[in-house]
Every structure is written in structure tokens, then in C-alpha cells.
Amino acid sequence: MALGTVAEEVEVEIIKPRNDKREYRRIVLQNNLQVLLISDPETDKCAASMDVRVGSFSDPDGLEGLAHFLEHMLFYASEKYPLEDSYTQYISEHGGSTNAFTSSEHTNYFFDINPDCFEEALDRFAQFFIKPLMSADATTREIKAVDSENQNNILSDAWRMNQLQKHLSAKDHPYHKFNTGNWDTLEVRPKARGLDTRQELLQFYDNNYSANLMHLVIYAKDSLDVSQSLVQKKFQEIHNVNRSCASFVGQPCTSGTSSDSCQSHPNQTRSQVEIYMANNSRHSALQGRGKQVGQQVYLLVKSDWTYDFSFFKVVIDLTDAGQEHFEDIVALLFKYVELLQQSGPCEWIFNELSAICETGFHYQDKIRPMSYVVNVAWRNADWLVGSSLPSKFTPGIIETALKELTPYNVRIFWESTKFGELTDLTEPWYGTAYSVEKLTGSTIEQWMERALNEHLHLPAPNVFIPTDLSLKNVSEKMTLPQLLRKSPYSRLWYKPDTAFSTPKAYVKIDFNCPFTGSSPECEVLTKIFTRLLMDYLNEYGVNNTDYGFQVTVLGYNHKLKILLETVIERIERFEVKPDRFSVIKELVTKEYQNMKFQQPYKQAMYYCTLILQDQTWPWYDKLEVLPYLEADNLVKFYPLMLSRTFMECYVAGNVEPDEAESMIQHIEDTFFKSPCPISQTLFASQHLTKRVVNLERGINYFYSAEGLNPSEENSALIHYIQVHQDDFKLSVKLQLFALIAKQPAFHQLRSVEQLGYITVLMQRNDSGVHGVQIIIQSNVKCPGQLDLRVESFLKMFETKLYEMSGDEFKSNVTALIDMKLEKHKNLREESGFYWKEISDGTLKFDRRECEVVKLKQLTQKELIDFFDEYIKVGIPQKKGLSVRVYGSAHSSEYKSDNRGTAESNSIRIKDIFSFRRSRPLYGSFRGGSVHTKL
């Protein structure tokens, strides 16, 4: 291919969805950088993603995590923009966000931003790949950040099992490597060998970050010609050394006549089997899904791949009873594989999958431009299609893939707490205890001969595949949801599709059942009820809430009503199968038991919610009552639960008003108007309320707790400031403060002070009660010290706010307005926004437009006055709450902090429920047939 002087448009067919109005162009710059340009005149965000065809597989020996570390370092500064963190600050101040990730063979960098700032953002982004600055000081700090990131994952069973699978692979294959990196691999060991990590980093960058190994995707509001000119100007200076694309030949797991069985001890209470079968090509003809299989297992099938190899992976969750039948369950899996092999490739199944894939491709939802460019960039040559569109039916390829799935070519990983004392080996990076046993293929075949006949069969045809994809003609264009129907039994909010032009619908039915929240026992029984429903319906759309349960169905509207009626019929004719009850009860019990293994910051967030939200039961109360609940309890509870109910309903999308009404009428007829109705209307006193604790002004409350996992060193802090209850003017002031303070908080507390990898300032909304919270997870400082560092930051930010220029203030206001005017990308996103208003009871569907009006009226002095009245350290009217979770590294500080006396204006919360009962509550926006504030 001959290249032009600057760039050449590549003549290649870009297949795009039928409903996609965007324009695409592929070009190659003179430096061999491949670029895909996307023009979307309707977009309110621009985005870019640069995918570099090098990842952790390319880490030099003895410098594990170098590729990941480089990903971190490129965010700091560049020759053209030497101010540290200025790139991220610019993105944040102009309504955008940015991130990156490192995988085995790729490193991907991406951002989005408001359109009028795209050109400068793109120029700053391009410097990552032209002349980045990687100072010695930043290098040391960011090694600590990488180490902190690794520490956050060190107790995660998912990370531990992934690394164990890699550890047991061939040592001469890069799959074997530890890819995150830590202080030891990036600082201690290199120094011991006389290596300078920074010099190695610079060399790795120079050797691998070559333009010919990069794929850039640009998503812009401008025309393709304008974008092409911009890209040529910004990215043509990227150095090209014509680096060959790395290839990692060979299989990481040798195949032959024997298999491995590995037993390991997880941190959480669970038993899981992962079965890996090698597959010689990533272009596997096999599809996977999740499925409940009998009383003892839950099955998930998927594939993991790189460019040179792939695994066909089956994950099986075992009950306690299932652990006693491990051999039978493995045998059953291979008997099903044997069934597939004997049945041979079925064209009707291929055609069904083809129809699903093709419909999914051509009617795919629009997503955030940033997510879109990332998805497209890593596909490289496949660009938009990837594997979305099926090829022709080729039985030979399917047969070849099926033949590779044999008991002679398998690795079995079995996690169970019962292996605690039975392991004799330790994985070096995460410390996972494990043991390995050799299995022969003939052994598994013997298990198959002994296994019971479970009447295995191929799946039945899918009756829910849509065939009518036409769009409805809605005569009245509603831009906001409207109350379409109201009765003593329900309220229906309706919003037709006026923005997306897709044959899809969204339906949510919220059952408010007062008896479900009356005790921990009732709440647990409701949870088991919804889980049993999902079990019977194969995991579809039912979940419990604090006050009842919800049914959610979404997808193509053609057969959505049939699906909804199927779910409703299951609820009406619900039966408790004792064997399935036992299985679900065990799974729910383990979920509650595993709460103690949550990361400390999640524990702190949980305590914060428990303190603030009235009428909530703690998880440990639910765990305590579980052993005493039997199937007969649910049999008796089910009719009581549904005896009084009210339905809050939302129907949106490609649905006509009479269709929406008929859906709800059908549900009312089923529950309330049958000859023997199972439900009655709520009494006025029973309607749902959502009430939140009103913190006292001038008091800093704090609640301290030891971390629930004694093996977890990290501590966590939630520093929460309560501000207002759903006031537009206060809301925009709070949002503007959070926008301006977010990045400085991250930079100071995480990048400069290195308090912890998880550091974020964000808004908080509890049923219409708004505030701001700073979340930090750290193993270097205890929560009390973290609290002091947060206050120190707020004092520092006070100076920044007071000294902010008028232009900077206006720029931030404009950025926030642009964010609020950003259109919803798809029906699910739009429905989620409106449902939040319905669920909270605020019903301000035009919230964003009203807030824009308030923002345009806001002055800089009003923002400073807001800070001085609600946020500033030491002010008498501030309402503060600190939730502190102490990890094992700070156990002595926990004891001393608890013995100490509280400072002036500080009150220790000793008992959450006594505190909740002692405080007044905000009024509820919900509570009757018409939402009103109490």
C-alpha cells in the first residue's frame, strides 16, 4: 500500500448497523498509525481511544508489571504539558473522564470530553505517545500506587484463581507471568540486580510504543474531513520504528494424555469448579451461557482467548451436597460434551444464534462514545463488526472445535474451604494454598460410566426471538414520562420512545409489599422468594427490594408482553420446591457470610447506609435467622407477602399507550380481580415511605468498626457531609463543588500523599437527601489519620476556591451545563434516570433542565458562600459523619481511638440503631397514592 505524504484513506468496507447514522472513515498516517474516524453530528461528547498492541506478555523477565506500570506513568506529564496531572485535570474540568487498562497483548488509553474542548484534549492525549515525561519522583510514587492497587486485589478469590491458573501453566510461556506488578517486582528486585526501573521503563516505551503498533479511534461531532485534518496534525509526530507485532506461539497448557486437578482454599465461603479445555484458535465456534443444572450446581460457560490460543472455560458453583458428588458433576459435563459431539453440528441452532447475533448487531443500543471507541479500538482489523455477525454455517469448524473438548485435554480447578488443611503448595504472588493431582483421561471416562443418566438433551427452540421489528407510530410526542393510569392497585408512568428509534421496550413493575420489610425473617424470605423465581425462570428480571420486589423486562418489544405475562404467571402460581429452597437458602447464607470479605471501603459504605437510612435491617441479623427458616416458612409467608400490595409501574419504548395499559390491567386482573384474589389494596397507613436520618448541624459524628476480615490489612474512611433535601439551587452548588474538587482531591490524596489506590470524592443521594463523600482505602494510615488528611485537603481547596479566576469559574459552570444537557444514549439509560425519580418519589422528570436554569443564574460568590456554609472545616452549621473501618494493620489504632475521648463538637456513634432512633428524619417524598412530602 503506497502512503501519501501525510495520510491515506484506506479503501475498506466498514459494515455498520442498519440504524447507525454515524459516518466512518479509516485512514493510515504517514507514520503507519491506523486510525478510524467516526463523525456523529448529534453527539454531546467527543472521545478517543488509543490501543497499543503491547501488554503484560511483553514484560521483561524480572520486571513483572512493567507494561501496567507504564500505563500509569503516561498520565503524569509531557514535554509540552509539563505540569503534573494537568491532562487529567483538564479532562475533569471540561466535563470528561479518562482511564486506561493493560491486558495480555494490549494497552488501551481513552477519554471523553465536551465537544468544544476536544481539540486541546486530543493534543494533550497525543503527548502520551510523543514525548511523555516520566520523572524519577513520579516513578517512585507511581510504583507505590501500583503496589497499592495490587494490595487491593490480594485477597480477591477471582484474582487469586486467575493467577493460580497462570502459575500452573508452562513456565516458558508469557501466560505464566504475574502481570499487575508490585513494590517487590518494580523496585526491590530490580535494584538488587543493579537495574534502574525508570531507565527500563523508558527503554520499554521506546522499544514498544511504535506508531505501527497503534490503533486510534476518534469520535467527533465534526465532519470526517475536519477530524482527519486534526488527527494528522496531532498524531503524525508519534515515532515509528516499524516494530513487529509480538507473537506468543505455543500453548500455555500442554495437551496430551493426562489432565490436572488442582484443589485450592478460597478466602470466601464458597465451592467452585473451573474446568479449562484448550482450544487451538480463538475463533471458537462454541457459544456459552449461564444455566441452573439440577440441585447441586450452577453452570457458566465462556471462552478466554488471545491471538495465539484460547481456553474453553466452564465454571460450576457447587452446593455442599454438590461437593460430595464432584466426580459425578465433572462426568456429567463431559457426557453433555459427548452428546454435542454425537449430535454433530445442528444447522437450526446455528441459524437461531445467527438470527440473534444479526438482530443484536443491527439494532444495538447507542452507548457512551468513550465506551464505544474502546470497544472498537481493540478489535483492530475487525473494527465495528468483531464477531457480532455470523459467518456461513461450516460444520467442519464446529466439529474440529468439539473434538478438542476431551477429558484428555483438561485442567480442573476446585476451590473449597474444605481443602484448608489438605494443601501442600503455595502460589507465590497471592499466597494461595493449593495442591495438584494428576488425572488420566481414562479416569474421567470411568466417572462418566458411573454417572447417573440425567436425560441430557439439546436446548429447545427459543420462542422469544423477535420477528416484528417495526416501529410504532406514537401520535403524541411525549418528551417526559406521564401518569397514564392510576387506580387503587397501581400507578402507571408511560414514556414512548421519542429519541432512539429502536424496536425495544422497558417495563418495570415495583411491588410494594409492606410485610416484606417487617422483620429480618420476612426480608430474607422475600429474597429467597425472588431467587427461586429467577431459578424457575432461568435468571430473568426479578429482584428483592427493602420494601418488596421488582420485575424488570427489557428488550425487543415484539414478544416482551408474552415474557412479562410468563413472569407474572410464575408469581401467581408460585410453588416452593423443597429441594430448590434448600439450594437457594444455602447460596443466600453464603452471600451473607461473605459480606465480611468485602473490601474495607465497601464495608464503610454499608455502615454509612445503615446509619442514614431508616427501616433497614443489618446483614448479620438476616444471617442469624437463616438457619431457622425452612421451606414451610416460605409456603406460609408467600400469601401473606402478596396479601397487601401496590404496584408502581413504568413502561417505555416502542409501545403504544393502550399496550402499556393492557399490560398493567392484565397484572391487576391476575392479582386483584380473579375469583379468589391473592392481593388487596394497601391501607393508607401502609404506603411506602423512604426516610433518611437528619444529622445535627455543628456536630461531627463518627462511627468506628474493626474490619470484618482479620486477613485484610487495608483500612477505609467515608467522610460524608450532608447538605440538603432535593433543592435545585443547593443541588447545582453541590454538584459544581464536586466537579471542581474531584480531581484536586484525587491528585493530592492519592497521587501526592499516596494514601491509597482507592481515593474518590463523589456526590451521595439517599432517597433525595444529597451530600458529598470522600472515600479512601489505605494500608499506610489509619482512618483517624485519613480523616485529618481529608480536612487538610479541604482547607487547601478553600484557598483554591477563593483564588479561582472568573474565567475558571465560568468554564466549570459551562462544563457542568454541558454534562446536564447530554442526551441519554439508549432506552435503558433513559429509563434508569426516570425510574430514579419515581423510586425516590421526587418526580422531577425535568430535573436536568431546571438545574441548567439555576446554573446559568449562579454567581461565583454564591458558590463560595455555599462552601463556607456547608463544606468548610470547622463551621458551626456543618453536618458531618465519618465512618471508619480499621484493617489489621491498624488494630492498635482502633483500640486507642476507641479509648480516647471525642473532640469538641464530635460525637461517637456507639450503637447504630440507638442513634437512628434518637435522630429526627427527613420527610419522605413517597407515602401515598400521590407522591407528596410528609
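Scan region 226-241 and tell me whether some residue there is touching a residue at least 12 places away in the same chain (Cβ under 8 Å), under 25 Å from L384 (Cα atoms), within 31 Å of the chain's Cα centre (by Cα) and not in a helix (DSSP H, G or I). No, there is no match, as no residue in region 226-241 is touching a residue at least 12 places away in the same chain (Cβ under 8 Å), under 25 Å from L384 (Cα atoms), within 31 Å of the chain's Cα centre (by Cα) and not in a helix (DSSP H, G or I). Of all the criteria given as (1) at pLDDT 95 or above; (2) part of a helix (DSSP H, G or I); (3) among the hydroxyl-bearing types (S, T, Y), the one not satisfied by Y175 is (1).
No other residue among G194, G181 is on the phi > 0 side of the Ramachandran plot, buried (at least 18 other Cβ atoms within 10 Å of the Cβ) and over 20 Å from the mean Cα position of the chain (by Cα) apart from G181.
Every listed requirement among (1) small (G, A, S); (2) under 30 Å from K313 (Cβ atoms); (3) touching a residue at least 60 places away in the same chain (Cβ under 8 Å) is met by A100 save one, (3). In region 338-357, the residues that are in contact (Cβ under 8 Å) with a residue 40 or more places away in the chain reach residues that are crowded, with 16+ Cβ neighbours inside 10 Å and part of a helix (DSSP H, G or I) with C-beta atoms within less than 7 angstrom, at least six apart or across chains, in these pairs: L340/L402; Q341/L402; P345/I398.
Scan region 539-557 and give yes if some residue there is assigned to a helix (DSSP H, G or I) and crowded, with 16+ Cβ neighbours inside 10 Å, otherwise no. Yes: one or more hits. For region 570-609, a tally of residues being within 30 Å of I667 (Cβ to Cβ), open to solvent by 60 Å² or more (accessible area, probe 1.4 Å) and in contact (Cβ under 8 Å) with a residue 24 or more places away in the chain returns 5. A single member of L623, L629 is aliphatic (A, V, I, L, M), touching a helix residue (DSSP H, G or I) at 6+ places or on another chain (Cβ under 8 Å), open to solvent by less than 30 Å² (accessible area, probe 1.4 Å) and modelled with pLDDT of 95 or more, and it is L629. For region 760-799, the tally of residues that are open to solvent by less than 20 Å² (accessible area, probe 1.4 Å) and part of a helix (DSSP H, G or I) stands at 8. Restricting attention to region 896-934, the residues that are at pLDDT below 90 and of a type outside the set (G, A, S) add up to 12. Taken together, the residues in region 116-126 that are surrounded by fewer than 20 Cβ atoms within 10 Å (Cβ to Cβ) and not charged (D, E, K, R) amount to 0. Hey, does region 892-902 have a residue that's aliphatic (A, V, I, L, M) and more than 24 Å from K729 (Cα to Cα)? Yes, that holds for at least one residue. Tallying residues that are over 17 Å from N812 (Cα atoms), open to solvent by 30 Å² or more (accessible area, probe 1.4 Å) and over 21 Å from the mean Cα position of the chain (by Cα) within region 84-103 yields 1.
Sub-9 Å Cβ pairs linking a first residue in region 12-38 that is at positive phi to a second residue that is open to solvent by 50 Å² or more (accessible area, probe 1.4 Å) and part of a loop (DSSP other than H, G, I, E, B), at least 6 apart or interchain, are N32/L3; N32/N242, ordered by first then second residue.
Within region 337-356, is even one residue in contact with a strand residue (DSSP E or B) (Cβ under 8 Å, 6 or more places away or on another chain) and either at pLDDT 90 or above or of a type in the set (V, I, T) (or both)? No, because not a single residue in region 337-356 is in contact with a strand residue (DSSP E or B) (Cβ under 8 Å, 6 or more places away or on another chain) and either at pLDDT 90 or above or of a type in the set (V, I, T) (or both). Against the test of being β-branched (V, I, T) and open to solvent by 30 Å² or more (accessible area, probe 1.4 Å), the options I38, I27, I15 yield a single qualifying residue, I15. Evaluating K418 against the criteria (1) open to solvent by 30 Å² or more (accessible area, probe 1.4 Å); (2) of a type in the set (K, R); (3) not in a helix (DSSP H, G or I) leaves one unmet condition, (3).
Would it be correct to say that I367 is of a type in the set (V, I, T), closer than 25 Å to F311 by Cβ and in contact (Cβ under 8 Å) with a residue 24 or more places away in the chain? Against the criterion (of a type in the set (V, I, T), closer than 25 Å to F311 by Cβ and in contact (Cβ under 8 Å) with a residue 24 or more places away in the chain), I367 does not qualify.
Yes/no matrix, rows are residues, columns are (1) closer than 26 Å to A278 by Cβ; (2) in contact with a Gly (Cβ under 8 Å, 6 or more places away or on another chain); (3) loosely packed, with under 11 Cβ neighbours inside 10 Å:
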| position | (1), (2), (3) |
| --- | --- |
| G431 | no, no, no |
| M448 | yes, no, no |
| P461 | no, no, yes |
| T467 | no, no, yes |
| V474 | no, no, no |
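For region 231-263, name all the residues that are surrounded by 14 or more Cβ atoms within 10 Å (Cβ to Cβ) and touching a helix residue (DSSP H, G or I) at 6+ places or on another chain (Cβ under 6 Å). Those that are surrounded by 14 or more Cβ atoms within 10 Å (Cβ to Cβ) and touching a helix residue (DSSP H, G or I) at 6+ places or on another chain (Cβ under 6 Å): K234, F235, I238, N240, R243, A246, F248, P252, Q263. N905 fulfils the conditions (1) surrounded by fewer than 18 Cβ atoms within 10 Å (Cβ to Cβ); (2) on the phi < 0 side of the Ramachandran plot except for a single criterion, (2). For region 481-505, give me the residue count where each residue is open to solvent by 30 Å² or more (accessible area, probe 1.4 Å), part of a loop (DSSP other than H, G, I, E, B) and modelled with pLDDT of 95 or more. Residues meeting the conditions: 2. Among (1) surrounded by fewer than 16 Cβ atoms within 10 Å (Cβ to Cβ); (2) in contact with a Leu (Cβ under 6 Å, 6 or more places away or on another chain); (3) of a type outside the set (S, T, Y), there is one condition I367 misses while meeting the rest; what is its number? (2) is the only condition that I367 fails. When L755, L749, L734 are screened for being more than 23 Å from the chain's Cα centre (by Cα), open to solvent by less than 10 Å² (accessible area, probe 1.4 Å), modelled with pLDDT of 95 or more and under 23 Å from T859 (Cβ atoms), only L734 passes.
When the residues of region 703-731 are filtered to those that are open to solvent by 20 Å² or more (accessible area, probe 1.4 Å) and of a type in the set (A, V, I, L, M, F, W, C), the one that is farthest from G771 (Cα to Cα) is L708. For region 94-111, what are the residues that are in a loop (DSSP other than H, G, I, E, B), more than 30 Å from L821 (Cα to Cα) and not acidic (D, E)? Within region 94-111, S103, S104, H106 qualify.
The condition (being within 30 Å of N812 (Cβ to Cβ) and polar (S, T, N, Q)) is satisfied by just one residue among S882, S918: S882.
When L525, L554, L563 are checked against the criterion of being in contact (Cβ under 8 Å) with a residue 24 or more places away in the chain, of a type outside the set (K, R) and over 27 Å from G653 (Cα atoms), a single residue qualifies: L525.
Taking region 175-216 as the range and being more than 25 Å from F129 (Cα to Cα) and in contact with a Phe, Trp or Tyr (Cβ under 6 Å, 6 or more places away or on another chain) as the test, only F178 passes. For first residues located in region 168-184 and among the charged types (D, E, K, R), partners that are open to solvent by 20 Å² or more (accessible area, probe 1.4 Å) and in a loop (DSSP other than H, G, I, E, B) and lie 6+ apart or on another chain with Cβ distances below 7 Å form the pairs K177/E64.
The values are calculated or read from the model by the stated rules, or taken from the named source; none is laboratory data. Note that this is a predicted model, so its numbers are computed, not measured. Reconstructed Cβ throughout: ideal geometry from the backbone, glycine too, with neighbour counts over all protein chains shown. Note: areas computed on protein heavy atoms with side chains; ligands, DNA, RNA excluded. Shrake-Rupley method; radii C 1.70, N 1.55, O 1.52, S 1.80 Å.
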